[in-house]
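Student: This structure is in structure tokens; I'll ask about it shortly.
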Amino acid sequence: MEKKREIRQPTFAESVFAFLLMFFFVLVGYLIMGMRIELMMVAAAAGAGIMAWRLGYTWSDLEGAISQRIVSATPAILIIWVIGIVIATFIFSGSIPMMIYYGIQLVNPKYLLISAFLMCLIFSVVTGTSWGSAGTVGVAFMSISEGLGIPLHITAGAVISGAVFGDKMSPLSETTNLAAATAGANLYDHIKSMMWTTIPAGIITFVFFLIVGNMIGTGGGGSSSSIQMLDGLDSIFNWNLLLILPLVIILIGAILKKPPVPTMLLGALSAVILGVVFQGFSLQNGTNAAFSGFNVSMIPGAAEGSISDGVMTLLNRGGIMSMVSVVIIIYCGYAYTAIVSKAGFLETALNPLYSRVQKRGPLMVTTLFTELLILLVSGTSYAVAILIPEMFKKAFLKAGMPPKVLSRSIEDVGTMMAPFIPWGTSGAFYIATLGVAPFGSGGYAIWTVLSYTTPLIAIILAFTGVGIYKMTKEESSKELELYKRSDSVISQPTGDSTA
């Protein structure tokens, strides 16, 4: 058993250094030298662990913190596993191939980016999940884009923009509900408040993809590669209107507010049945696809070389195993975040940022910047939603900004910019699902316009006072008094726990 040691608080310099460890290993090791991101995060976690040990923490302390953090991520990890199953089984049934087949014929390349943005937006609003949107509709549009010769990283930007827009504005989204709850805002007041930043950013994004689509579109889907893809899909699958059933099941489940994991599994089960009934695939291959991904070798009578490389690339994907890399990244990233949080590096490093600002504009800039730092360190928007109200609610009330402004600021960065963090849950998911990295010459980050225009608009509104819902001094004083009372209740000792 490890001997307990006296624990001290980290200094500001130590805390900043703990942050710089992650930046160093990611920037130099991952982005510049091309090393595996998982091992770079393990190296950062090891460095932070050594620093935490110097403060007096034992390995048992750090191991417990890591375990708790991973437990908190379990619901998201379950969804990730299931989306791998959904992608594979929806291909097995012919549901996604049918969307691709008719999408290539019906979508003009000039409007593909707009279509991807809007369709993913609508699906996310209805279902409340950006991941489900990207994993079904988004995957289909990525394949349509490939068939029409449109750069995949640009399409990925449109898919992610639509997915996070819908996720942010949906009353069914868990991040939307969490941000409203932690900030103390009414859910629908929170959504109404978010319109001030998200709608203008959405309009900018729409216009952007309309312009880009007209610049890169060729006006039709009749290229030889797309024709070859259409012929290949038509020779493999039998088209039937019932193939949309798995998608309908997920939509109905979301509208009825059913748990997402069982709903998606039901959709996957229906997809396997449809694949057996309409495509003539075996039930055994359906279960194999759910685990290891769909493979063209499962197609009855498929001879070697009879299926083009383009169609194989299109269809050979999905399955639980395709999500292993995503989960590994989450585990490695959470090891680091748990250590820096447990040792107090996070709180000590950020304290100077929020202890001195009082006016609306500087306060909003400080809040959004702090959110970005927390997102970089934690890799999840959940940490932003939990920590930011604790740090900034009092400051917002003093500046005359009500809880619904604070709640929307949580999502303006926490939800919108999460896809940019490769070691975070969202970033790792989009990389694995869409097959495109966020950064580099072929990265989707710069094309995900909605994600970085939203916080910029939030800053402009804070400095101009537009859409801030400014409180009077009396309202502000009343809210501050309520905040002090609730804070004092939370901080009071609860007495003997054995009573």
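The values are calculated or read from the model by the stated rules, or taken from the named source; none is laboratory data. All figures in this text were calculated on a predicted structure; none of them were measured in a lab. Heads up, the Cβs are rebuilt from the backbone with ideal geometry, glycines too, and the neighbour counts pull from every protein chain shown. All accessible areas refer to the heavy atoms of the entire protein, side chains included, with ligands and DNA or RNA removed. Shrake-Rupley method; radii C 1.70, N 1.55, O 1.52, S 1.80 Å.
Student: Share of the chain's accessible area from carbon and sulfur, percent, 1.4 Å? Don't skip to the answer; put the middle values down first.
Tutor: Working: 14180 of 21670 Å².
Of the solvent-accessible surface of the chain, carbon and sulfur hold 65 percent.
Student: Sequence gap at least 6, Cα distance under 8 Å: using those rules, report the relative contact order of the stretch 325-484 to the nearest whole percent.
Tutor: Details: 186 pairs, mean separation 42.5, N = 160.
Computed value for the stretch 325-484: 27 percent relative contact order.
Student: Between helix 37-54 and the chain, what is the angle of the helix's C-alpha long axis to the longest principal axis, kept within 0 to 90° and rounded to the nearest 10?
Tutor: Taking the Cα atoms of the chain, the angle to 37-54 is about 20 degrees.
Student: Return a whole-number percent for the relative contact order of the chain, with Cα pairs under 8 Å and 6 or more residues apart as the contact set. Walk me through the numbers before you get to the answer.
Tutor: On the way: 812 pairs, mean separation 113.2, N = 499.
Relative contact order of the chain: 23 percent.
Student: Right, next: Between Ser441 and Ser282, 0.36 nm times their residue separation minus their Cα-Cα distance comes to what? It would help to have the intermediate numbers written out before the result.
Tutor: Numbers: separation 159, 0.36 × 159 = 57.24 nm, distance 4.19 nm.
Going from the current span to full extension adds 53.1 nm.
Student: Can you work out the base-10 log of I(q)/I(0) for the chain at q = 0.08, 0.10 1/Å, using the Debye formula on its C-alpha atoms alone?
Tutor: -0.53, -0.81
Student: Which one of Phe208, Asn240, Ala48 has its Cα pushed farthest toward the positive end of the charge dipole of the chain, where Lys and Arg give +1 and Asp and Glu give -1 at the Cβ?
Tutor: Farthest towards the positive pole: Ala48.
Student: Give the calculated FRET efficiency between Leu266 and Ser292 to the nearest 0.05, with a Förster radius of 22 Å applied to their Cβ-Cβ distance.
Tutor: Values: r = 21 Å, r/R0 = 0.97.
According to the calculation, E is roughly 0.55.
Student: Let me ask something else. Show me the ranking of peptides 398-404, 323-329, 340-346 by mean Cβ neighbours inside 10 Å, starting with the highest. The partial results should precede the final answer.
Tutor: Details: 398-404: 21.3, 323-329: 19.6, 340-346: 23.9.
Peptide ranking by packing, descending: 340-346, 398-404, 323-329.
Student: Residue by residue through the stretch 413-426, which ³J(HN,Hα) values in whole Hz follow from phi under the Karplus form 6.51 cos²θ - 1.76 cosθ + 1.60 (θ = phi - 60°), with glycine and proline marked x?
Tutor: Result, rounded to whole Hz: 10, x, 8, 5, 9, 4, x, 7, 9, x, 8, x, 4, 5.
Student: Let me ask you something else. Place the peptides 472-481, 127-136, 452-461, 419-428 in order of packing, highest mean first, counting for every residue the other Cβ atoms within 10 Å and averaging per peptide.
Tutor: On the way: 472-481: 12.9, 127-136: 27.1, 452-461: 20.3, 419-428: 25.3.
Sorting 472-481, 127-136, 452-461, 419-428 by mean packing, highest first, produces 127-136, 419-428, 452-461, 472-481.
Student: A further question follows. Percent relative contact order of the stretch 150-270, based on C-alpha pairs within less than 8 angstrom and at least six residues apart? Each step should come with its number before you reach the end.
Tutor: Values: 49 pairs, mean separation 20.7, N = 121.
Reported relative contact order: 17 percent.
Student: While we're on this one: To the nearest 10 square angstrom, what accessible area does Arg360 show with a 1.4 Å probe?
Tutor: 60 Å²
Student: Post the alpha-carbon centroid distance, the stretch 146-171 to the stretch 11-37, in whole angstrom.
Tutor: The two parts, judged by their Cα centres, are 29 Å apart.
Student: Could you calculate the FRET efficiency of Ile50 with Val248 from 1/(1 + (r/R0)^6), where r is the beta carbon distance between them and R0 is 45 Å, rounded to 0.05?
Tutor: On the way: r = 53 Å, r/R0 = 1.18.
My answer for the efficiency is 0.25.
Student: To the nearest 500 deg cm²/dmol, what mean residue ellipticity at 222 nm is calculated for the chain from DSSP H runs of n ≥ 4 alone, each contributing -39,500 (n - 2.57), summed and divided by the residues? Numbers along the way, then the final one.
Tutor: Numbers: 23 runs with 349 residues, N = 499.
Mean residue ellipticity at 222 nm (helix-derived): -23000 deg cm²/dmol.
Student: For a protection proxy built on the mean count of beta-carbon atoms within 10 angstrom, sort 158-167, 100-109 highest first, please.
Tutor: On the way: 158-167: 31.8, 100-109: 19.4.
Descending packing order for the listed peptides: 158-167, 100-109.
Student: So how tilted is helix 112-127 from the main axis of the chain? Cα-based, degrees 0 to 90, rounded to 10.
Tutor: Helix 112-127 sits roughly 60 degrees off the main axis of the chain.
Student: If you plug each phi of the stretch 429-446 into the Karplus form 6.51 cos²θ - 1.76 cosθ + 1.60 with θ = phi - 60°, what whole-Hz ³J(HN,Hα) values come out, in order, with x for Gly and Pro?
Tutor: Karplus values, whole Hz, x for Gly and Pro: 5, 5, 4, 6, 7, 8, x, 10, 7, x, 10, x, 5, x, x, 8, 4, 5.
Student: Let me ask another. Which ³J(HN,Hα) values in Hz, rounded to whole numbers, follow from the phi angles of the stretch 253-268 under the Karplus curve 6.51 cos²θ - 1.76 cosθ + 1.60, where θ = phi - 60° and Gly and Pro get x?
Tutor: Computed from phi, the couplings for the stretch 253-268 are x, 5, 4, 7, 6, 7, x, x, 5, x, 5, 5, 5, 5, x, 5 Hz.
Student: Okay, moving on. Taking the chain as the reference, fit the longest principal axis to its C-alpha atoms, fit the long axis of helix 139-148 to the helix C-alpha atoms, and give the angle between the two in degrees, 0 to 90, nearest 10.
Tutor: 50 degrees
Student: Work out the length of the dipole vector of the chain about its Cα centre, built from +1 on the beta-carbon of each Lys and Arg and -1 on the beta-carbon of each Asp and Glu, and round it to the nearest 20 debye. Please list the in-between numbers first.
Tutor: Details: 27 positive and 25 negative charges, 254 e Å.
Rounded to the nearest 20 debye, it is 1220 debye.
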